[in-house]
Each structure stands twice: as C-alpha cells, then as structure tokens.
1. Pull out all pairs, ordered by first then second residue, where Cβ-Cβ is under 9 Å, the residues are six or more apart or on different chains, the first lies in region 62-74 and is closer than 14 Å to residue 50 by Cα, and the second is open to solvent by less than 90 Å² (accessible area, probe 1.4 Å) and part of a loop (DSSP other than H, G, I, E, B).
2. Mind listing just one residue for me: the one in region 1-39 that is at pLDDT 95 or above and among the aromatic types (Phe, Trp, Tyr) and, of those, surrounded by the fewest Cβ atoms within 10 Å (Cβ to Cβ)?
3. Go through region 1-47 and give me each residue that's in contact with a helix residue (DSSP H, G or I) (Cβ under 9 Å, 6 or more places away or on another chain) and assigned to a loop (DSSP other than H, G, I, E, B).
4. Say whether the condition of being modelled with pLDDT of 90 or more, touching a Lys or Arg at 6+ places or on another chain (Cβ under 8 Å), of a type in the set (Ser, Thr, Tyr) and more than 18 Å from residue 7 (Cβ to Cβ) is met by at least one residue in region 48-57.
5. If the Cβ limit is 7 Å and pairs must be 6+ apart or interchain, which residue in region 2-16 that is without any contact (Cβ under 8 Å) to a residue 40 or more places away in the chain pairs with which residue that is among the hydrophobic types (A, V, I, L, M, F, W, C)?
6. Can you name the residue in region 48-80 that is among the small types (Gly, Ala, Ser) and not in a helix (DSSP H, G or I) and, of all such residues, is least open to solvent (accessible area, probe 1.4 Å)?
Amino acid sequence: MNPESVNFIKDHVLLLKEKYNESLQQIKEANIKGEDSSFYKGISLAYYDSLELIKSQVEAFGYNSTEVKVALPEFGEPAL
C-alpha cells in the first residue's frame, strides 16, 4: 500500500476512535444525570461498527497489519 493510503487510513481510524471514546463519555454523563443514554449508545455502536468495517477490509485485502493497525477494544471499552 502506498504511504499516502496508509496515512489516510491511520488518520481515519484515529478520528473514529476519538469519536467513539467521546460517545462513551456521553453515555457515562447521561447515566450520571439519570437521562436515557440510548441515543449515545447508538452513536457509540455506529463508530465501533465503522472501525470494525475498516479492520475487516484491511485484513480482507491482505494489507500488512504492521503498516495499518486497527486494534479494536471490547465494545463499550475505550479505544487506545
């Protein structure tokens, strides 16, 4: 894979992980306030699903996993 593509995927994954982590925080805040967190759980699932899709495509196309690392946490746990 060319370096530009690798950088694009890495950046995209990083941004999705940040959004996923933000959604987890929104779930916690809603629960603390006693509000319904279902909406934020849906958002969280969408970001997680996007990360999972990118990971499966990277693997399906046989790209080197050391070049493009898409490590997924357990759903509901923060992404590192």
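The values are calculated or read from the model by the stated rules, or taken from the named source; none is laboratory data. Keep in mind that what you see is a predicted model, and the values were worked out from it rather than measured. A quick note on method: Cβ atoms are made from the backbone with ideal geometry, for glycine too, and the neighbour counts reach across all protein chains shown. Calculation scope for accessible area: heavy atoms of the full protein, side chains included, ligands and nucleic acids excluded. Shrake-Rupley method; radii C 1.70, N 1.55, O 1.52, S 1.80 Å.
1. Close Cβ pairs satisfying both conditions: 71/79; 72/79; 73/79.
2. So the residue we want is 39.
3. 1, 35, 36, 37
4. no
5. 16/51
6. Among those residues, the one meeting the criterion is 79.
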